[in-house]
Amino acid sequence: MLKLFYFFRGYLWIRVSGACAERFINLCGIRHMMLWNIKQDGASYTMCISLKSFFEMKDIVRKTSTRVVILKRIGLPFLMSGVKKRWFFPAFLLVAMAVFFLSQFLLWNIRIEGNQVILEEDIQLFLEEHEIKKGMLLKNVDTEFLEKEMRRTYPEITWISVYLEGNALTLNIKENDKPIPKEEAEAEKSHKEGFLEEEQGIDICADKAGRIVSIITREGTPMVQVGDEVQAGDVLICGQVEIFDNEGNVRESVNVHADGDIIVECSISTSFDVPLMKTVETETGNCKKYTFCRWRDSYRIWHLFAIPYEDYRAVPHTYSRMGEKMGITLEVGEMEIREVVKVVREKTEEEYTEELSGKLEEYIASLAKKAIQIKGKNVRIKKNANTVTLTGTLRVQGPFVERKETKVQEEPFDDTADE
Amino acid sequence: MRKKSIITPLAESLKLPKDITKGDSNISLTGNEEAWIENYKGIIEYTPERIFIQLKNGRVAFCGRELHIAFYTSEEMRITGIIEEMQFLC
């Protein structure tokens, strides 16, 4: 510890020679100068002395008639003189230390655990609304307030723990496993003849013209049967249930929200265009390499002169990557800038067929996500002046239905009744 | 002499350490490889085989091999090496 202290203050390794070298040591001791590592080296002594003491011992040297030779300068003050020429290194070290020190006070990561029903995006949006984001000061994160707000905003949460762990904020959520009870207003709705009566009935209507493949009614009155041809807008399940009396007459009708599974088979016309011409980049073989730095998603390339190519392709080679655990990415590496020549040419038949097929497959996949099945397709590709077009018809089966409010059927006014 | 005659029995009755009252030296040995000396006046002779120290009430000599002073201040010093003999010379 003492050596470390003297290292920071600076000390000298000296040789003291002369007839009264012991007296020199004694006088140093009397004047409270600290000496260490005193060794005899032939007729002289070598020892270490602090820099401050060295400047105070001139009269001791004169009094004892000894000769003092500096053998080595040790310590930070002597290192600093060499560092003056290379000021960039300690400056960078200081800046790095300052950045590291300051980064300890910032929030670098947000972890959300245990959520199943509540989407992570929703929670992130909630945090953003409450100005909780990466890079903010840790002291500004009020965990208790966040817990209360989360519980208030999301009633599904039965238990939540928000805590700071290092530079990361962790939200540990426990959701209610039981189904959420229906609202009291709904529970208070009147039941009539076994049906939940609504103020306004809702019909299920056809969205597209087609043929009914299957119909399962859960609530409401079915208006069509399997095999029926329907037009767009036709009512498939009516949101009104008629209740008959013992004589078979309509006693009353109840408004309900029609519910059921209906599969309609219909045809969908599709059309996709792709440009006929294509720009092809060909590498010329010329290449230059630069150092780059990537901070999150932005690249920074260091170059003294402008990149000499008009068109080029950048290929990064990462050397080191850091900060991934903290939620930030800092990459340093070499960027290869390859010169390319752009040539515009017409696509071959295989190329545009593949491109159009890809688009069609993508469209079919998007239909499949909506529970629409493809039963057949009839497509053809036509080459135009500037584009290539794929047109065709898809025979599909799916729930092509929409919900509409039930229209109240007004009874025709009968003039003969009074007569 | 008169003053000493009062201080000595008083210090003995109060059980005060003699290095404070009489200015006696404190010498601590750790095995035969290290010696701590306090309350000394100075060095008389220093070689790797022999270190001769002037105490306030006499002299002490450390004889041995590879002796060297690791630490030296006005209050205390530390001698390291292989101490074979310690001699008091009054």
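The values are calculated or read from the model by the stated rules, or taken from the named source; none is laboratory data. Not measured: the values here are computed from a predicted model. Heads up, the Cβs are rebuilt from the backbone with ideal geometry, glycines too, and the neighbour counts pull from every protein chain shown. To get the accessible areas, we keep the full protein, side chains included, count just its heavy atoms, and leave off ligands, DNA and RNA. Shrake-Rupley method; radii C 1.70, N 1.55, O 1.52, S 1.80 Å.
Among the conditions (1) open to solvent by 80 Å² or more (accessible area, probe 1.4 Å); (2) away from chain B (no Cβ under 14 Å); (3) free of Cβ contacts under 8 Å to residues at least 24 places away in the same chain, residue A:65 misses just one, which is (3). Any chance segment A:198-207 includes a residue that's loosely packed, with under 14 Cβ neighbours inside 10 Å, in a strand (DSSP E or B) and modelled with pLDDT under 90? Checked against the condition, which is being loosely packed, with under 14 Cβ neighbours inside 10 Å, in a strand (DSSP E or B) and modelled with pLDDT under 90, segment A:198-207 yields no hits at all. Would you mind stating whether residue B:78 is more than 8 Å from chain A (Cβ to nearest Cβ), under 25 Å from residue A:42 (Cβ atoms) and touching a residue at least 24 places away in the same chain (Cβ under 8 Å)? So residue B:78 passes the test. A search for C-beta distances below 7 Å between a residue of segment A:68-83 that is part of a helix (DSSP H, G or I) and any residue that is open to solvent by less than 50 Å² (accessible area, probe 1.4 Å), counting only pairs 6+ apart in sequence or on different chains, returns A:76/A:10; A:77/A:10; A:77/A:51; A:78/A:10; A:83/A:90.
Taking residue B:12, is it acidic (Asp, Glu), touching a residue at least 40 places away in the same chain (Cβ under 8 Å) and either open to solvent by less than 40 Å² (accessible area, probe 1.4 Å) or more than 27 Å from residue A:17 (Cα to Cα) (or both)? Judged against the criteria, residue B:12 is not a match.
No other residue among A:71, A:79, A:51 is under 48 Å from the mean Cα position of the chain (by Cα) and either over 24 Å from residue B:41 (Cα atoms) or at pLDDT below 90 (or both) apart from A:79. For first residues located in segment A:284-295 and within 12 Å of residue A:308 (Cβ to Cβ) and open to solvent by 70 Å² or more (accessible area, probe 1.4 Å), partners that are in a strand (DSSP E or B) and charged (D, E, K, R) and lie 6+ apart or on another chain with Cβ distances below 6 Å form the pairs A:286/A:339. When segment A:7-41 is filtered for residues that are at pLDDT below 90, surrounded by fewer than 18 Cβ atoms within 10 Å (Cβ to Cβ) and more than 8 Å from chain B (Cβ to nearest Cβ), the ones remaining, listed by number, are A:7, A:8, A:9, A:18, A:19, A:20, A:41. Determine whether segment B:42-55 contains at least one residue that is within 14 Å of chain A (Cβ to nearest Cβ), over 19 Å from residue A:21 (Cα atoms) and either free of Cβ contacts under 8 Å to residues at least 24 places away in the same chain or part of a strand (DSSP E or B) (or both). Within segment B:42-55, not a single residue is within 14 Å of chain A (Cβ to nearest Cβ), over 19 Å from residue A:21 (Cα atoms) and either free of Cβ contacts under 8 Å to residues at least 24 places away in the same chain or part of a strand (DSSP E or B) (or both).
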